[in-house]
Amino acid sequence: MAIIAPSILSADFANLERDIRDIENNGADWVHVDVMDGNFVPNISIGIPVVKALRPVTSLPLDVHLMIDRPGRYVEEFVKAGADWLTVHLEADQPQNILDCLDRIHALGCKAAVSLKPKTPAEAAIPYLANCDMVLVMTVEPGFGGQKFMADMMPKVKKLRQLLDERNPACLIEVDGGVDGETCRVCKQSGAQVLVAGSAYFKAPDRAAFVKTVQA
Ligand code: DX5
Ligand code: ZN
């Protein structure tokens, strides 16, 4: 069964508590929190105080996706605020600094992930694969919800599964961007185990049914 992580980027920010409780009540597995700095991506979303405020609202794991430059500056604060999973982009700093981020996230008792933008090849993740618990493959250009799913990322998911089977078989693969009731199928077939869905979840006429479709 796949894990679904609805992204609150498409939630009603004036009613975040309500929308997070709704995610939990509809049977979803994790809550995906998109953090954007206006530099790494051309958009600004939410940050540490919001993660901290959301932590007591749900017992679901908080899957925090940092789309920020030099994320090492903030990993401690995000873990302390309540992140259970913390994802950094490998394009966001020098390789040694990204490796240090993963180690520090682990030392703080949090799960660590690296993410790849669409133009970054699977092989670029090789130096990090033994040191992370999840690899996040972006299936849209990061920055905005509601974009079209890039089916041409599926060979990258398959390649990463193969690389991970050799190096770190327990490591999960997550996909993020344009995932809906149709595109989730090819993601799972390609080897993704965690599926982020923002607009498709919040637009679904029956959210509990949508959650079941993605998990199946
Ligand atoms: C995009 C974010 C996604 C976004 C996905 O940069 O990382 O998590 O919320 O939204 P949808 O599912 O609408 O493509
Ligand atoms: Zn995301």
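The values are calculated or read from the model by the stated rules, or taken from the named source; none is laboratory data. Bear in mind that the values here come from a model prediction, so they are computed numbers and not experimental data. Because the Cβ atoms are built from the backbone with ideal geometry, glycine has one as well, and the counts that use them run over all protein chains shown. Accessible surface areas use protein heavy atoms only, side chains included; no ligands, DNA or RNA. Shrake-Rupley method; radii C 1.70, N 1.55, O 1.52, S 1.80 Å.
Along the positive direction of the dipole of the chain (beta-carbon charges: Lys, Arg +1; Asp, Glu -1; about the Cα centre), which of Asn39, Thr139, Val75 reaches farthest?
Comparing the listed Cα positions along the dipole, Thr139 ranks first.
Check which residues have an amide H placed less than 5 Å from Leu136's amide H, if you skip close sequence neighbours.
Here the answer is Val114, Ser115, Leu116, Glu174, since their amide H atoms fall under 5 Å of that of Leu136.
Name the residues of the stretch 117-161 whose amide N is less than 16 Å from a point 7 angstrom out from the Cα of Arg185 along the C-beta direction?
Within reach of a label on Arg185: 151.
Please check which bits of the stretch 164-185 a label hung off Lys158 would reach, taking the label as a point 7 Å along Cα-to-C-beta and the cut-off as backbone N under 16 Å.
164-165, 185
So what is the calculated 222 nm ellipticity per residue for the chain, using -39500 (n - 2.57) for each DSSP H run with n of 4 or more, over all residues, to the nearest 500 deg cm²/dmol?
Numbers: 8 runs with 73 residues, N = 216.
Using -39500 (n - 2.57) per qualifying helix, the result is -9500 deg cm²/dmol.
What trypsin sites (Lys or Arg not before Pro) in the stretch 59-112 are in a loop by DSSP, with at most 16 other Cβ atoms within 10 Å of the Cβ?
Hits after loop and neighbour filter: nothing returned.
With a ≥ b ≥ c the root eigenvalues of the C-alpha gyration tensor of the stretch 122-207, is it rounded (a/c under 1.5), prolate (a/b larger than b/c) or oblate?
Prolate.
Pull out a ≥ b ≥ c, the square roots of the eigenvalues of the alpha-carbon gyration tensor of the stretch 3-114, then state rounded if a/c is under 1.5, prolate if not and a/b is larger than b/c, and oblate in the remaining case.
Cα axes put the stretch 3-114 in the prolate bin.
What ³J(HN,Hα) values, in whole Hz, does the Karplus curve 6.51 cos²θ - 1.76 cosθ + 1.60 give for the stretch 81-94 when θ = phi - 60°, with x put for Gly and Pro?
Calculated HN-Hα couplings, in order: 6, x, 5, 9, 10, 10, 10, 10, 7, 5, 7, 8, 6, 5 Hz.
Output ³J(HN,Hα) for the stretch 53-63: one whole-Hz value per residue in order, computed from phi by the Karplus curve 6.51 cos²θ - 1.76 cosθ + 1.60 with θ = phi - 60°, and x for Gly and Pro.
5, 7, 3, x, 7, 9, 9, 6, x, 9, 9
Roll a 1.4 angstrom probe over the protein heavy atoms and tell me the percent of accessible area of the stretch 49-114 that is carbon or sulfur.
53
Tabulate in residue order the Karplus-calculated ³J(HN,Hα) for the stretch 130-137, using 6.51 cos²θ - 1.76 cosθ + 1.60 with θ = phi - 60°, rounded to whole Hz; enter x for Gly and Pro.
6, 10, 9, 9, 7, 10, 9, 9
Where nothing but the Cβ of Lys and Arg (+1) and of Asp and Glu (-1) is charged, how large is the charge dipole of the chain around its Cα centre, in debye to the nearest 20?
Details: 22 positive and 28 negative charges, 59 e Å.
Once rounded to the nearest 20, the dipole reads 280 debye.
All other residues with a Cβ under 10 Å from the Cβ of Ser45 taken together, and with Lys, Arg as +1 and Asp, Glu as -1, what is their net charge?
On the way: positive: none; negative: Asp34, Asp37.
Spelling it out: positives minus negatives among the neighbours equals -2.
Taking a 1.4 Å probe, which of Asp84, Asp176 shows the most accessible area, and what order do the others take after it?
Sorted by accessible area, descending: Asp84, Asp176.
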